[in-house]
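FYI, it's all coordinate maths here, none of it is from the lab. Since this is a predicted model, take the numbers as computed values, not measurements. Here the Cβ positions follow ideal geometry from the backbone for every residue, glycine too, while neighbour counts run over all protein chains shown.
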Amino acid sequence: MIETRSLTKTYDDTVALREVDFAADDGEFVSVVGPSGCGKSTLLRVLAGLESGFDGTASIDGTPVNAGGSDDVGVVFQDPRLLPWATVRENVRIGFDESVTDDRIDDLIDRVGLDGFEMALPEELSGGMAQRVALARGLAYGPQALLLDEPFSALDALTKVEQQEFLLDVRDDIDATVVLVTHDVEEAVYLADRVVVLGGQPGTVVADVEVPLDRPRDRTDERLIETRERVTDALGV
Amino acid sequence: MATVEDHDGVTAIGERLTAWVRDRSPSAIGFPRRALGLVVPGLLVVGWHLLITQGVFQPHQLPAPMTVLSTFVAMGASGELWGHLSVTIQRVAFGVLFGVSAGIVFGTITGLFGLANDLLDPLLQSMKNIPSLAWVPLFLLWFGIGESAKVTLIALGAFFPVYLNLSTGIQGIDEDLLEVVEVYDVGRLETLRRVVFPAALPNLLVGIRGGVGLAWMFVVAAELIAASQGLGFLLSDGRVLARPDIIVGSILLFASLGNLSDIGVKALQRRLVYWSA
Ligand SMILES: Nc1ncnc2c1ncn2[C@@H]1O[C@H](COP(=O)(O)OP(=O)(O)OP(=O)(O)O)[C@@H](O)[C@H]1O
Ligand SMILES: [Mg+2]
């Protein structure tokens, strides 16, 4: 279980988050949407244990994240953050234990649609390809909690759908709790059990919308479209 | 109207300039660009030759290029030259080896540990400003006129650029990448091996290039003052014997050795820093 209680995070003189109560149950898939600059990445960074100073509490499975974060959290950052000197395979290896075989890594690379690019360097990849390497690295771990910051933002529509399905598969395999930040309301609703809408500056929770559908889902389902409208309304678009 | 035209004119010139600055392709003549670097030196040698034959310079001040060449060919044939050359190269090699190693050790320690940096950096920063010649008497006093004084002096020269570049390189490592290894619980040693050292490698090589360059400067300082062999000794011997051909030839040899070593380090740099630029 991932939880924050009256989380307030201040950078110098900007208040990024104010009094945010956020929770994701074990195995739950929660999407977080909100306008640019409302503190979505900040929320993930706090949960990942990358921010030391904040008010309120943030915990994963009851353990406060302040102390370097939980060992069982996989993070995909908003930017790919690949090691420029390492091949795609070596970059993905970072997400695994030392002892992993090349075959297992290459499987995962294949799953994100980058078969044949195992030995490529990051500079030879497009933005969307680099993003998928980062996704593979984040999922490699098989962690109990996955924190994903706009992992599909640079992908074309078709690749995006493929990678979304891949994410759902991986989640089923490892039964992880997922927090996905996205700008794409359709994606947020299609993937998640619940959509948390952040708003304003400083960011606060403005709505919490259940997605009343089992998986697998049909992307054109009426109820998805309805939910989407509720999220869009909450966003004030 | 006029102002608009002027403005366009300026833009056009600006565009041509940027295109010209960006153009790094081999020139249109189809000459390999490396060979072009030899054109001006070649012309200088021709000019030098003409200045002597026209009597502008007296041969006892500046010898003709051919005189320099024949002197050194003769010294090569008698074997004398190789003795001097190999001694100098050996000194530089050992000096670079020790200096670069020490630079790597200190650069790594100060780069990784803030306390070490606070303790050592101010001292090392001020030591780097001591001119090479100023060390010579002290080292002679400490080590005598043997090899160790010279090698230590050269090592000192090679040390500072390596130390400075590596230390700042490690300190300046991209925080974003460190967050990645933090999140994926990469161990400390693994983090050094996979992230910190590769990230600092470009800086290290810039440092080594500078260090090798300084090693050549310091070897001259060492050999001019206290040596019975070596290129620097040859240089000062040329003055004692009033042989400008030996002086000029030694200077040219220093230039080519410095160049060769720089080309070597540059090749190494391209090889090791295979990513980006
Ligand atoms: N390191 C930082 N230093 C200072 N201010 C920061 C820092 N990181 C974020 N902020 C501020 O915190 C606020 C929230 O930033 P955050 O990156 O969380 O937004 P976001 O919701 O992820 O936006 P986007 O959708 O554009 O990615 C912004 O006002 C930003 O300027
Ligand atoms: Mg963000």
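Structural remarks
- The distance linking the stretch A:71-107 with the stretch B:208-249 is 53 Å (Cα centroid to Cα centroid, whole angstrom).
- For the pair residue A:237 and residue B:241, label points projected 7 Å from Cα toward Cβ lie 8.7 nm apart.
- Other-chain or far-sequence residues with amide H under 5 Å of residue A:146's (modelled H): A:74, A:177, A:178, A:179
- The DSSP beta bridges internal to the protein assembly as shown are antiparallel in roughly 55% of cases.
- Residue (of A:185, A:140, A:168) at the positive-pole extreme of the protein assembly as shown, dipole from beta-carbon charges: A:140
- The length gained by stretching the chain between residue B:190 and residue B:269 to full extension, at 0.36 nm per residue less their Cα-Cα distance, is 26.1 nm.
- Spacing of the modelled spin labels on residue B:174 and residue B:35, each 7 Å from Cα toward Cβ, amounts to 4.1 nm.
- Cβ-based charge dipole, the protein assembly as shown, positive-most Cα from B:119, B:146, A:127: B:146
- Which of B:57, B:218, B:94 has the fewest Cβ neighbours within 10 Å, and the rest in rising order: B:57, B:94, B:218
- FRET efficiency, residue B:21 to residue A:63 (Cβ-Cβ, R0 56 Å, nearest 0.05): 0.50
- Working from label points 7 Å from Cα in the Cα-to-Cβ sense, the residue A:36 to residue B:45 distance is 6.0 nm.
- Among B:159, B:106, B:197, sorting on how many other beta-carbon atoms sit within 10 Å of each Cβ, with the fewest leading, yields B:197, B:106, B:159.
- When +1 charges are put on Lys and Arg Cβ atoms and -1 charges on Asp and Glu Cβ atoms, the dipole computed for the protein assembly as shown relative to its Cα centre reaches about 4000 debye.
- Taking a Cβ cut-off of under 9 Å around residue A:86, the surrounding Lys, Arg, Asp and Glu residues balance to a net charge of +2, with basic ones at +1 and acidic ones at -1.
- FRET efficiency for residue B:262 and residue B:70, using Cβ-Cβ distance with R0 set to 35 Å, rounded to 0.05: 0.80
- Averaged over residues, the count of other Cβ atoms within 10 Å places the peptides B:206-214, B:175-183 in the sequence B:206-214, B:175-183, highest first.
- Computed from Cα atoms, the angle from the helix A:157-174 axis to the main principal axis of chain A rounds to 90 degrees.
- Taking the number of Cβ atoms within 10 Å of each Cβ as an exposure proxy, the fewest-first ranking of A:186, B:223 is A:186, B:223.
- Given R0 = 45 Å, the distance between the Cβ atoms of residue A:1 and residue B:119 translates into a calculated FRET efficiency of 0.45.
- Span-like helix check, chain B: qualifying full DSSP H segments, with Cα axial length of 24 Å or more and mean Kyte-Doolittle of -1.0 or more, are B:2-22, B:80-112, B:147-171, B:197-225, B:244-272.
- Counting only lysines at least 8 places from residue A:160 when in the same chain, those with an alpha carbon closer than 26 Å to its own are A:40.
- Based on C-alpha pairs under 8 angstrom that are at least 6 apart in sequence, chain B has a relative contact order of 22 percent.
- Its Cα centre serving as origin, the stretch B:110-257 has a Cβ charge dipole (Lys and Arg +1, Asp and Glu -1) of approximately 700 debye.
- Averaged over the residues of peptide A:83-95, the number of Cβ atoms from other protein chains lying within 10 Å of each residue's Cβ is 4.
- Here the dipole of the stretch A:45-106 is about 200 debye; that uses its Cα centre as origin and unit charges on the Cβ of Lys and Arg (positive) and Asp and Glu (negative).
- Net length gained if the chain between residue A:184 and residue A:123 were fully extended (0.36 nm per residue, minus Cα distance): 19.2 nm
- Bridgeable lysines around residue B:266 (alpha carbons under 27 Å apart, same-chain partners fewer than 8 residues away excluded): B:128, B:150.
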